[in-house]
Amino acid sequence: MRLLNLLKIAYKAIVLNKVRTLLTMLGIIIGVASVIAMLAIGEGSKESIRTTISSMGSNMITIRPGADVRGGVRQDASTMESLKFDDYLAIKEQATTLSYITPMVNGSGQVISGANNWPSTIYGVNPEYLDIKVLGLQSGSMFTDAEVKSASKVVLIGQTVVDNVFPDGEEPVGQMIRFNNIPFKVIGVLEEKGENTFGQDQDDVVIAPYTTVQKRILAITYLNQIMASAISEEDAPEAVTQVTAILRDQHKLADSEDDDFSVRSMEELISTFSSTSEMLTILLVAVASISLLIGGIGIMNIMYVSVKERTKEIGLRMAVGGKGSDILMQFLIEAILISITGGVLGVILGLSATVFIEKFLHWPTSVAMYSIIISFAVCAVTGIFFGWYPARKAAALDPITALRYE
Amino acid sequence: MAKEIIKIQDLKREFTMGTETVHALKGISFTIEEGQFVTIMGSSGSGKSTMLNILGCLDQPTSGLYEIDGVSVKDLSKNELATIRNEKIGFIFQSYNLLARTSAIENVELPLLYNSKVSTEERRKRALNALEMVGLADRIHHTPSQLSGGQQQRVAIARSLVNNPVMILADEATGNLDTRTSYEIMSLFQELNKKGITITFVTHEPDIATFSSRTVVLKDGHIIKDYMNTNIQSAASELAKLPKEDH
Ligand SMILES: Nc1ncnc2c1ncn2[C@@H]1O[C@H](COP(=O)(O)OP(=O)(O)O)[C@@H](O)[C@H]1O
Ligand SMILES: [Mg+2]
């Protein structure tokens, strides 16, 4: 009965002070919505990077010559030639955690077919390459181990290369093309993959047996890279350790010497890029926190001022018999109603903004539950506290002092 | 002898403003018996409002004794004071103090909202009744800004009546009204007084005092006169004597 009366009083007061209610709610709505939307953008970009990398083969392990270049130290040319075919064989024989492995050499050049030419990159690999990179074929077939052995002049090409050297739509499989003036027979077309997160066109590739590329195009004996695939994602760290040990042994490195090669799993790559987008998220969180703070100060301000303004009203309510606790309850209920309504509207607006950003700006977004909870909690608590605190002060006054308040 | 409803002894009220101290009441003693109609007179600044606020439990004296119905107010908690204000006292402010943008009926209902013994229907009924008594039955949905000063004053009076108080304290309740309206109000107060309600009425108009049974005169925070009225005028008959005016 008593609570019902207080609810009625609070409801009437809210309706009576439409502008104040609206302004307070607006502060809460914008505070909550902006935090949710900003964090959704941050989380979304992080997630999209993770998915792209995973789709490139999350079990993948790459071995490159030269020490880890993450430090940015310049490598001298000889160390870039330290990866040999024997290393590949050693790893293939000794590592127990790998399911596929291929040597890799690569070079750039012109793809020519008739009057059309197109600059691209040729990758020399073995047939396991397709399994490691999780690539499929649109048409034709992969070259065989026999063709690798014989250094056959056969290639598979990506869709971008197809589009540029066969612009008239003829079937590429079976056609002859030239790469740096060396004739190759096209035996297959790779499935289209599009751009990755970093804007690289994954379809702008030519794939040939590594033996062919080594001998006929690059005239080198070393490898540019070894790519492998761990049996499972969980095996990847163990695979990295194994490969490192095998290569150190192969290269006869003393304990005091650093690796003259680098082994990286996709997981590491993910964490590297995630940490970049982590920075982005931190930045967005910082901006969101500031907007939450400003929103909070706004809420605080308007609540504080409006309660102060109503000191006279508080005095009158006490003069006609309202107890301090009644007054406090009324203001608390008012603050709760305003804050919760504002918070809910803020969440709705934030989610709508996120959908809008995803749909019309095509930015990846992902709404984090914690952003909803934190922003809602901060705004609601601020609103409720600053609705309650000045009321508590006013309710502690003698009625006549409150009534006299100007 | 009738029951002493109010008893004050050596009551003092000081206001401190910075370094200066204003002595608004400098030691006042008197008693009011149940059923009396007392007018408090005195020039502006003599301490009338200050005293009435203390009698209405809206303010606390700096020193001295105040007993209401035999209970010392000093010993009461804030909540107990609120209950007394809610159930025993009807207070009429000099400046009405109505809730803005709130209808007359809701303003009158306000004290009953804080009394959980009164149901919603009862509350509405009593508020309507009180508004009828002050002649505002046709204005119940008007907000203060849609009412004249006199009508607002009458809403404030209705609000003071709605809780069936034991005593009514009025601070210049007729101060803003024309003669006719103030006589109407006074006749209403006389009727209420006949029903046994004790009334303490602050005014600075001598003719208003003639409707009461006792007059206390304040000057500079002291009581300078306190006398019983032997010749009480009837506000109703004075009203009848006034020249008729068309509404
Ligand atoms: N809240 C206050 N603070 C300071 N001085 C006050 C306050 N209330 C009243 N006074 C002073 O007390 C004296 C009596 O005031 P008041 O009781 O309002 O007079 P009256 O109602 O008789 O005109 C005046 O001098 C006034 O200035
Ligand atoms: Mg006064």
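The values are calculated or read from the model by the stated rules, or taken from the named source; none is laboratory data. Treat the numbers as computed from the prediction; the structure is a model and nothing was measured. All Cβ positions, glycine included, derive from the backbone under ideal geometry; neighbour counts span all protein chains shown. SASA here: full protein model, heavy atoms, side chains in, ligands and nucleic acids out. Shrake-Rupley method; radii C 1.70, N 1.55, O 1.52, S 1.80 Å.
Brief remarks follow.
- FRET efficiency, A:A368 to A:L345 (Cβ-Cβ, R0 30 Å, nearest 0.05): 0.95
- Accessible solvent surface per residue of the protein assembly as shown, calculated while the other protein chains remain in place, 1.4 angstrom probe, Å²: 46 Å²
- A:T52 accessible area, 1.4 Å probe, all protein chains in place, Å² to nearest 10: 30 Å²
- Measuring heavy-atom accessible area with a 1.4 angstrom probe and counting protein chains only, the residues of region A:369-404 that give up at least 30 Å² relative to the chain alone are A:D398, A:P399, A:I400, A:L403, A:R404.
- Pairs of Cα atoms farther than 21 Å apart, region A:101-228, %: 32 percent
- Fraction of beta bridges assigned by DSSP in the protein assembly as shown that are antiparallel (%, nearest 5): 70 percent
- Trypsin sites (Lys or Arg not before Pro) restricted to region A:226-266 and DSSP loop, no more than 14 other C-beta within 10 Å: A:K252
- In a DSSP loop and with at most 13 other Cβ atoms within 10 Å, the chymotrypsin sites (Phe, Trp or Tyr not before Pro) in region A:192-234 are A:F198.
- Hydrodynamic radius of chain A per Kirkwood, over alpha carbon pairs, in Å: 26.4 Å
- Trypsin sites (Lys or Arg not before Pro) lying in DSSP loop within region B:132-205, provided at most 15 other Cβ fall within 10 Å: B:K195
- Across the protein chains, with a 1.4 Å probe defining accessible surface, the residues A:S262, A:S256 rank A:S256, A:S262 from largest area downward.
- Per the accessible-area calculation with a 1.4 Å probe, the total area buried between chain A and chain B rounds to 2500 Å².
- Above-threshold pairs, the threshold being 24 Å between Cα atoms, out of A:K18/A:K359; A:K8/B:K125; B:K48/B:K125; A:K84/A:K185; B:K26/B:K194; B:K26/B:K48: A:K18/A:K359; B:K48/B:K125; A:K84/A:K185; B:K26/B:K194
- Inter-label distance, nm, simple model (7 Å from Cα along the C-beta direction), A:M176/B:D138: 11.3 nm
- Within straight-line cross-link reach of B:K117, aspartates and glutamates at Cα separation under 17 Å, skipping those fewer than 8 residues along the same chain: A:D326, B:E80, B:E87, B:E109
- When the Gaussian network model of chain B links Cα atoms closer than 10 Å, the mean-square fluctuations of B:V108, B:V71, B:V155 top out at B:V71.
- All lysines inside 16 Å of B:K74 as judged from Cα atoms, apart from same-chain residues fewer than 8 positions distant: B:K7, B:K12
- Region A:357-406, accessible surface, carbon-and-sulfur percent (1.4 angstrom probe): 70 percent
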